[in-house]
Each structure stands twice: as structure tokens, then as C-alpha cells.
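Some notes on the structure that comes next.
Just so it is clear, none of the values below were taken in a lab; they were calculated from the coordinates. Just so it is clear, the structure is predicted and the values come from calculations on it, not from any experiment. Every residue, glycine as well, gets a Cβ built from its backbone with ideal geometry; the counts of neighbours run over all protein chains shown.
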Amino acid sequence: MAGLAALVGVAASAVAIALRSGVHVLFESLQSVRESPYGIALPAVGALLGVLVIRVLFREPGGHGVPAVLEAVSRNGGSMRPRSMVSRLLGSLINVSSGGSAGLEGPIAFSAAAVGSTVAAGAQVAERQRILLLACGVAGGIGAIFNAPLTGVIFATEVVLAEWTLMAVIPVVVAATVATSIGRGLLGAEGAFSSGEFDWGAGELAMSVPLGLLAGLVSVGLVGSIFQAERVASRLKKNRFLRKPGVVAAFAGLGVGAIGWFLPGAIGEGYELVNKCLKDEYHSEFFILTAALLFAKFVATVLTLGSNAPGGIFAPSLVLGAALGFTYGGVLNLIPGVEVEAGFFALLAMAGLVAGTMQAPFTGMFLALETTGSWEETMPLMLVAVLSALVSRTLLKHSFYTWELAESGRLLRPGTDQRILADLQAVEMLDLESVTIETGKTLDDLSMLLQETRRNHFAVIDEDGVFQGMLDLSALRSVIFDPLLRKMTSVDTAMDSMVPRIRHDDSLLEAMEVFEEVGAWVLPVVNAEGHFLGTLSKSTLFDRYRRELIVQTATRAE
Amino acid sequence: MALNLDDAARLLGVSPATLRRWAREGQLGVLRPSGDYRFDENELRSWARSHGLRLREGRASGKAAWPTAGALPASEEQPLTLALARGGDYSGNSVEDRDALLHAMVAEVPLADGADRAQLLSQLLEREALTSTGLGEGFAVPHPRTPSTAFTDEPIVMLALPRPSLDWGSLDGQKVHAVFLLVNPTPAAHLKVLSRLAFVLRDEGFANLLSDGTGFEEVLTAAAQLEPRG
């Protein structure tokens, strides 16, 4: 398993490097276009092409990358299509290089996850290992792109796997380390961002508390706005023309282009802005500028991500965080007697925004730590990240990543009730020794059968085996002991023909709902033609559920 | 509205012991039951909703509610008597044979609006084809093969006292002089009414009323006195 993890790490780093270099090249070559009057249209074109690449060329569904990874984990046992390794890579390459206000990390995580899944398919491993390898891919990709192995591991475990067992962490660590080492070799050993030393004390620590809350609010605002924008977009897509892939994204891209015309730092990936904030190159007196950039970037991100143009929320969170923190620092400096380094707060808010949008405080914290090397600032970073995540959790039920899935009921975490019931199949728990009786027979005939079985429920079937109704012994008590009435009552009259039937391929989840709805303890299972297959009893279900729960949550060695 | 522990537990579909434990463990976040545990109904409902618990409303434990039909000498717990009161007695002309009687009774029996009487008749005949509904001792209990709400919402028993008695193919070979047509909405109702009827028919006095051709009101009163309550 460690070997496979290493392999995935290598491949993930390749993915990250490819994208990073690709963006550099493309971004530079488009520079001339950007400066021309056509520059306003560039993000629109990039968004359109980006969406087309994914939807038409690769025929993959649109939407954000990481949620697709989460869905693969929760519903498809970690299975992803091999073409996913490349589709979003290309799409976001085009979109972001042209100025789309989104990040590359989400697409890299998505592509690297697909790599992990493909490797797993090739090695023909079981579902649990496949999910792990998928997480390895994510860890490797994030680790390589940010030169931040710890962050890669933490993101993979916190967001994708949502479990922290030792057995899960080890392969992920291997993959992240391998990927980052390769990345370092080829992309250089610098942290993604550089920052100077910060001078801070108890005062600054105290002032970071409101910042943490503020970062949480901004995160909530961002995620909320993006989803509002998505709702608007889907309403727009009812129009025949606007429904075509990429069109809405293109129009949104025009908005981004317009923003970029005035504030070029607000569009595209935006990392230069981050560096400037951290190194205090803006001079905190000019926090008006960063405030403007904050606002502009916010809008641009909502436009890009709300229209489902390819890209992730990682980078925008970092950039918005830097701008927010810097502005906050600048404002604080206005207070007489206060003198702070705005760059310090920029750093903190970076962690805060990531923590808030993803509801993942550790990821946010470690990302800021590793990319800037600010190990001295661990305490305030922790504070801001946790506060922001707390605010976000309180106001939003779900993070940016889990929102979509949770809304459509597709979010199933391993080991949860829904997941276990979705895993169990009706056919696994049939009582095949159910006793049947044909229509036309009387309860007297039934009473003969009673002598040979301990069952209390009997299925009435016709001559072809098609299910007609259920007989419940407890309901027959009033007549079954009277020999005369027994002969007088046919099973047709006594049976419950309205009892809901469970199809043999229904998920246990669906069956459970029916049990709850009807208040029954035994239900019949039929095949597609209506033939009786057996009964399903609630008590067997509980027993099997308990066993499945034990098995799924066991932490024994793989 | 304030609920006590038992009502609150019933609403949530759990035992009072469970509810007490949840309160102790602090599971019931915002609710603050005090002393002898009082719960605000609205808060309880929204707590249940946010915790994904389905509420058990109107899920009365145990007995199904039997529909009443106006002022009758019997209480709700006497389904046979009620059904007889609804069905009444057959007051048509005398007929020649079993099938003709069934035909005539179907025409008269009070069914739900829009009920398909032709369907009822064919179900009655189907049932007779399986085995005779002649109980013996001169009684018969024709009924449709499958009880259905399409015929009626409430149990109905119509009494006919054919004179001369009719050949019913009974198990003991005797001709039938008392016919109870049973029309029920559900199998459960049918089994209940049938067992009550069997019980009442075992009483010698009641059996004599029937063979003497007594008026319907007397039969109904006798049934009300004989039928156990509940």
C-alpha cells in the first residue's frame, strides 16, 4: 500500500507541476492580449473555452472539482474516470490564465484524486484502499503545488476522508512527502509565498480575535454569495441560449474582465497580491487600495465560481484573506497609539478565510504556516482559523465543498447511518425460508402449515408465484382458533393486499423508510415481475446493521 | 403548549427513560426541563426536526378507531352491532335460490357512494365458488372475496331471513334461514366482525330469534346485549 501511495505521489506531483508550468506559460503569452483593448473580453473567452473543454471535449459534468471528489468518495467508493485526470486541468488552465478569478488547487486536487483512483483501479484494490489512494492523490497534489506536505496531508484527511485513523494517515503522508519532494526539485524549494518576520505581542493577539470573527463572516458571505449566484445562473439557464455550456460563464467572464480592467490584481489567481500584502509593499496607509481589491476580488470570484467556470476556491480564499487582513491592519493603524504590521494580519486572515470557506481550521492554519514559513505565528493563526471556522459552522450548515452534495442528499460519510444502510442490499437479508400459501386456500389450510413452522408471517401468492398479500398471524387470532371460521375464511379475505412491497434491488435505506412509514415489522420482497422472493424483517435488519457498523468502523490493520 | 415527560416521549417516538437520559446528557440543547420535566411543544418539535427525528403524531397505540354512525344503542366497542345497525335488514321479496338472494341483497345494501355493485356481486359469487359460506345450523355469512374500501368505509352487516329457507351448500347440509351479508373495508375489520358474529351465534337465545323470524329491532337489541364490549 505504501508503494502504491508513493506511486500516486509521483503522479500527483506531475499533475501539479504540469498545471503550474502550463499556467505560467499561458499567462505570459496572453499578456499582450491582456494589455490590448480586447483584454476585457479575455476572461470571458477563457471561461467559455474552459467550460467547453470540460463539458464538450471531455464530456464531464461541470461544477466544482473538490465536491466531485467528495461525491466519488461517499457514493462511488472512490471511483473516478481516468479522463478526470486531465479534463479539469486543461479547463482551469485556460480559464485562470485568461484571468478567471479562481484557483488551481481545487482542479489539481481533483485531477490528482483521479490519478489515485486510476492507480487503484489498475492495482485492483478494494474500495477502502481505493478511497485511500484517492486521498493520497489529493495530498500529493496539494503538497506539491504549495510546497506544503503537511497541508496536503491535513487537507486530504480533514476534508476528503473525514477520518483520522492511523492506518489512513500513513499512506497519505507517504504520498504527500514524495510529491512535495519532486515538486521541490522541479519547482524550487521556496515557500509559495514569502513573508518577513513579524513583530507581534499580546496586543496583536487580542486584536486578532475580531479578525477571526470577521474572516468567518467574510467566508460565509463568499460561500453564500457564490451559491446565490449559482441559483441565479440556473434560473438563467432555463433560457435556451443561455443553457449552452459555457455561455453563462462567458457572460460572467465579461464582468470579470471589466473588473480586471480597473484592478488587474483582483483577477486571475491573485498571488502577487498576497505577496505584496505580506511584505507590506502596499504600505498600510493605502489600505483603501486593498479594501478596493478585497471588494473587487470578492465580486470577481462570485462571478467566476458562481457561473461554474472551472477553478477552485483555495486561491481566492487566500487572496481575499490577505486583502482583508491587510485592510484590517491598515484600519487599526488609524487608531491613535496603535502601530501594527498590516502584513501580520494579512497572514492571519489568509488562514481565516480558508478555514471559513472550507470549515477546515487545520487546513487553513497549516496552509498559512507552511506557505509562508511563519512558524512563529502559530498561536494567532490557530486562533483566527478556529474562530473563523466556528463562525462559518454556526451560520452555514455546510462548507463550500459539502454544500452541493448535502443539498441534493448525496453526502454520505463513511460509518454514518445513511452510508451503512446504502451499502446493505435488500437481497443480503432476505428470509428465504418464508412460507407461502396459494390464493383460494382457507385459513384452515394455513393452520396445517402452522404446525411445521415458527414463522408468523405468510405470503399469499397466485399460481405463478406472483405476490398477492401478507398474512399476519397476530391479526388472525380472532378467527384461527375456531375450526368453523377457519374453513369459512379464505386467505384472500384475510390477507393485507395493500402492504408495500420492497423491490429486491431497493437500497436498505429506501426499505427502512418504508418500514418507518408503515410501522411494519415484516415486509415482502418481490422481483421486477412481482414474484415473491422472501420477507424482510426489521429485526434481521437491525442485527445486520449492527454487524456492518462494527465492520466499517473497526480500526484493525488493513 | 407544555408537555409532560410521557407525552413528550410519545411525540418523539421514544420511551420516557430515553427522553430523561437525553435531558441528562445534555442532548436536548436548548430545552430546559426542570424538576418534573416539562417540555415546550414547539421547541421540542424544532429540536426533533433539526436532529432528523420523525415525530409520531396521531399514532395511537393499540386499537384502531372505529367510525361511529350516529346515535346507536351500541358503543364503539361493539363492531358487530354497529355494522348490523348500518346494514339493516333485507326487506325485499322472497327469492328462489342463493344467487338470487345475493343479487337482491346487493341491490339494497347501503354502500359507499359510487360503489360498484356489480363488482360486489361477482366477488360474492367468487367467494361462494371457493367454499360455501354456510356455517351450518342454518346460518350463512356471504362476503366479498377481498374486503375493500371501494365498497364501504365502515363495516356493514345486512341480515336477511329467507322464507322458505334456501339451499346454501352448507357443510352440514342444512338449508339456510339466516343470512348475514358482510361487507367490510379491510381484512382486519372483516375478521373482527366475523368473529363477533360467530360468538353471538353460539347463543341459543339468539339463534332462536333468528329461526323464529323475529323482527330486526329485536335482533339488533339482542346482539347489543350479547356482544362483548371492547
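In table form, for the structure just shown:
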read-out: Note, ³J(HN,Hα) from phi for the stretch A:433-450, Karplus 6.51, -1.76, 1.60, rounded to Hz, x at Gly and Pro; value: 8, 4, 9, 10, 9, 7, 5, x, 6, 9, 5, 5, 4, 4, 5, 5, 5, 4
read-out: Within the stretch A:202-410: Cβ-based charge dipole about Cα centre, in debye rounded to nearest 20 (Lys, Arg +1; Asp, Glu -1); value: 1520
read-out: Vicinal HN-Hα couplings computed from phi for the stretch A:329-335 (Karplus, 6.51 cos²θ - 1.76 cosθ + 1.60; Hz; Gly/Pro x); value: x, x, 5, 4, 5, 6, 5
read-out: Long-range amide H partners of A:Gly534 with built H, under 5 Å; value: A:Val525
read-out: Shielding by partners, peptide A:487-500 (average Cβ within 10 angstrom, other chains); value: 6
read-out: Taking chain A and dividing mean pair separation by its residue count, relative contact order in percent (alpha carbons under 8 Å, at least six apart); value: 15
read-out: Cα shape, the stretch B:141-230, gyration tensor, a/c 1.5 rule; value: oblate
read-out: Rel. contact order, % - alpha carbon contacts under 8 angstrom, at least six apart, the stretch A:432-558; value: 23
read-out: Share, in percent, of DSSP beta bridges within the stretch B:79-226 that are antiparallel, nearest 5; value: 75
read-out: Tilt relative to chain B, helix B:187-201 - C-alpha long axis, 0 to 90 degrees, to 10; value: 50
read-out: Furthest towards positive pole of dipole, A:Phe481, B:Ser15, A:Phe366, structure part the protein assembly as shown, Cβ charges; value: A:Phe366
read-out: Peptide B:196-207 - average C-beta neighbours from other chains (10 Å radius); value: 1
read-out: The stretch A:2-187, relative contact order in percent, only Cα pairs under 8 angstrom and at least six apart counted; value: 31
read-out: Gyration tensor (alpha-carbon) shape descriptor, the protein assembly as shown, a/c threshold 1.5; value: prolate
read-out: For the stretch A:420-552, size of Cβ-based charge dipole, Lys and Arg +1, Asp and Glu -1, in debye; value: 520
read-out: Amide H within-cut-off set for B:Leu135, under 5 Å, with H built and near neighbours excluded; value: B:Ala140, B:Val141
read-out: FRET efficiency for A:Phe58 and A:Asn239, using Cβ-Cβ distance with R0 set to 22 Å, rounded to 0.05; value: 0.30
read-out: Between 0 and 90°, nearest 10: helix A:287-306 axis offset from chain A longest Cα axis; value: 30
read-out: Among beta bridges that DSSP assigns inside the stretch A:420-552, antiparallel share in %, nearest 5; value: 70
read-out: Residue-by-residue Karplus 3J(HN,Hα) for the stretch A:234-247, coefficients 6.51, -1.76, 1.60, Hz, glycine and proline x; value: 6, 5, 5, 6, 5, 6, 4, 6, 5, 6, 4, x, x, 5
read-out: Given charges at beta-carbon only (K, R positive; D, E negative), |dipole| of chain A in Debye; value: 1180
read-out: Whole-Å distance, taken between Cα centres, linking the stretch B:165-230 and the stretch A:84-117; value: 80
read-out: Considering only the protein assembly as shown, percent of DSSP beta bridges that pair antiparallel, nearest 5; value: 75
read-out: Among A:Met207, A:Gly221, A:Ala109 the positive-end extreme of the charge dipole of the stretch A:105-229 (Cβ point charges); value: A:Ala109
read-out: Value at 222 nm in deg cm²/dmol, rounded to 500, when DSSP H runs of n ≥ 4 in chain A each add -39,500 (n - 2.57); value: -20000 deg cm²/dmol
read-out: 0 to 90° range, to nearest 10: angle between helix A:538-553 axis and chain A longest Cα axis; value: 30
